[in-house]
Amino acid sequence: MLLLYKNTTRSKLLNRRLAHQSRMASSHQLLIAFLAVAGSLDGADKIYRLLLYSLRTEIATLRLLRRLNRHPQQHGFISRKLASLAERLDSLVDPILTTRMTLRFLSSVVLLDRLVAIINMWKEPRVRHRHIPDGNGLETQSGDEANDTDNDAFEERIERLIQIGQIGALFLLYPMEHVYYLSFHGVLRWKSLRTVQRWSRISSFGWFSYLLLELILKVRQVQSMTSQISVIRKQIHRLKYKEAWSREVVSAASGSIPLDVLMTYAGPIQPTSPSTEGGPPPLIVDTSLEQASLKRDLGMLVQSRREVRWRLLSLFCDIPIAVHWTLEKPILHPLVLGILGTVSSYWSLRTLIVNALNDGDARN
């Protein structure tokens, strides 16, 4: 009993040590991924955006609590502390916004590279590769397969048009945003403040256009991934049915199941004839490798669809913010604006970190 207790205790300690090492390794990988994201232009922009909207949320909450104070004379100390804390937090907004705007001055240069890459993709001929199991000749496509190829080419052309439209919207967003920021700080001078605000609304309209095109693109991607997942699941089901059916045929050949009973429940698949005397025995069809490959593709598609849905959640938060800044009169309360911006920034940053983790796993 004492020896069994010692072995059990050692096993528990070993399991705890392995779990601790696993958590440490995961934390280390997460830190590396975060540093990689923070070192990129897009990642740094998302981090500063998260800080900015988090501060705005806290400031709006403090000011709302101060307004909800029905007895300012009795609770004057609390009211003054809330106002002082809100002012101190508000003093941090402008430096963070200035740093973010400075980083975004480089975004217009990055857009040129993205535009050239999309134009080059547009010029490349689309080649549809097919797997030929045997032979070196070309396989002739049927009418349905040719139609599928044409539909895929049309869908890909639509996606590229949407991407070019997004690049155009970003070219409207960033330059107008820079003009507004320089005008707001007096570097560029205009006749009235209304003109300066117009530049901001034009920039916000470019952002709204980009988000709308992104929403269309992501919805199409989710629909395409869902259909692919459905097809793969049907293929896995058919492979399982095929393997199970081959086992039934072997059982019938060995005499454990009558052949007439087997033929009654054949369904859409015609059974393999049991071996006659002197013939080769029927073999069980092993589809484990094909099922493993399909399940691996299925897992990758499910993960990709989950990431796209995260992006959709971020878009559903960003679109009201873009409409808010586009209109001349604000439509969102500062607290609602801060919450939407914080949620959107968090999910965007989370997506970048997850992608960095996946890239690190792929390299390893």
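The values are calculated or read from the model by the stated rules, or taken from the named source; none is laboratory data. Since the model is a prediction, treat every value here as computed from it, not as a measurement. Positions of Cβ are generated from backbone atoms using ideal geometry, with glycine treated the same way; all protein chains shown enter the neighbour counts. Keep in mind that these areas ignore ligands, DNA and RNA; they rest on the heavy atoms of the full protein, side chains included. Shrake-Rupley method; radii C 1.70, N 1.55, O 1.52, S 1.80 Å.
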Residue match in segment 178-196 (condition: of a type in the set (Gly, Ala, Ser) and touching an Asp or Glu at 6+ places or on another chain (Cβ under 9 Å)): no
Would you check if there is a residue in segment 105-124 being hydrophobic (A, V, I, L, M, F, W, C) and either modelled with pLDDT of 80 or more or outside any helix (DSSP H, G or I) (or both)?
-> yes
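Here is a yes/no grid of residues against (1) in a helix (DSSP H, G or I); (2) modelled with pLDDT of 90 or more; (3) not basic (Lys, Arg):
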residue	(1), (2), (3)
LEU289	yes, no, yes
LEU294	yes, no, yes
TRP325	yes, yes, yes
LYS329	no, no, no
VAL336	yes, yes, yes
ILE339	yes, yes, yes
ILE353	yes, no, yes
Picked from segment 77-104 (must be closer than 20 Å to ARG67 by Cβ and among the charged types (D, E, K, R)), the residue surrounded by the most Cβ atoms within 10 Å (Cβ to Cβ) is ASP90
Of ARG49, ARG16, ARG56, the only residue that is open to solvent by 90 Å² or more (accessible area, probe 1.4 Å) and either in a helix (DSSP H, G or I) or at pLDDT below 70 (or both) is ARG16
- request: Could you please let me know if PHE208 is modelled with pLDDT of 85 or more, of a type in the set (A, V, I, L, M, F, W, C), under 22 Å from ASP42 (Cβ atoms) and assigned to a helix (DSSP H, G or I)?
  value: yes
- Looking at this structure, is GLN221 open to solvent by less than 70 Å² (accessible area, probe 1.4 Å), within 30 Å of LEU298 (Cβ to Cβ), in a helix (DSSP H, G or I) and at pLDDT 85 or above? yes
